[in-house]
Amino acid sequence: MNAISPISWVRIGHLDDIPPRAARVVRTPAGDVAVFRTGTDEVFALKDRCPHGTGPLSNGIVHGRRVTCPLHGMVFDLTTGEAVGPETCSAATIPARVVDGMVELGGLDALGMAHG
Ligand code: FES
């Protein structure tokens, strides 16, 4: 039987470092991660590369729990990374949470994205 390792969390900054309905980029050795803050102070993280092309999702428009890619307007659900609508593609999600006002990303080591 394989043991399931607990997820490890990396603290990346204060929630207030991310404006509401916007995103900030966290640079990792495996690529950039877009960390989104919704209008209700939820946080979500996706790889900062639209699966449709190369659009930086961090420059997208955040509305509710969705983001619209700035290049061609595809909409992605921040909770799942799935495209909303007829397109079938998805952006890679990274676990994100807020603890005591600090934003943490999870599982970066499993993705080869841990900070050195
Ligand atoms: S690159 Fe994002 S919709 Fe085309």
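The values are calculated or read from the model by the stated rules, or taken from the named source; none is laboratory data. All values derive from a computational prediction rather than experimental measurement. Heads up, the Cβs are rebuilt from the backbone with ideal geometry, glycines too, and the neighbour counts pull from every protein chain shown. Side chains are part of the model used for accessible areas, which takes the heavy atoms of the whole protein and leaves out ligands, DNA and RNA. Shrake-Rupley method; radii C 1.70, N 1.55, O 1.52, S 1.80 Å.
Brief remarks follow.
- Among (1) more than 16 Å from residue 93 (Cβ to Cβ); (2) surrounded by fewer than 16 Cβ atoms within 10 Å (Cβ to Cβ); (3) in contact (Cβ under 8 Å) with a residue 40 or more places away in the chain - the single one residue 72 does not satisfy: (3)
- With respect to (1) surrounded by fewer than 19 Cβ atoms within 10 Å (Cβ to Cβ); (2) on the phi < 0 side of the Ramachandran plot; (3) charged (D, E, K, R), the lone exception for residue 48 is condition (1).
- Flag for residue 38 being more than 14 Å from residue 98 (Cα to Cα) and either modelled with pLDDT of 95 or more or open to solvent by 50 Å² or more (accessible area, probe 1.4 Å) (or both): no
- Scope the range 53-84; condition of a type in the set (Ser, Thr, Tyr) and farther than 19 Å from residue 42 by Cα; matching residues: 54
- Strands (runs of 3 or more DSSP E) lying entirely in the range 1-114 (those with 1 or more residues that are within 16 Å of the ligand (Cβ to nearest atom)): 22-28, 31-37, 43-47, 61-63, 66-68, 75-77
- Per the listing 23, 96, 30, the residue uniquely of a type outside the set (Lys, Arg), farther than 17 Å from residue 7 by Cβ and open to solvent by less than 50 Å² (accessible area, probe 1.4 Å) is 23.
- Scanning the range 99-115 for residues that are at pLDDT 95 or above, open to solvent by 60 Å² or more (accessible area, probe 1.4 Å) and touching a strand residue (DSSP E or B) at 6+ places or on another chain (Cβ under 7 Å) returns no hits.
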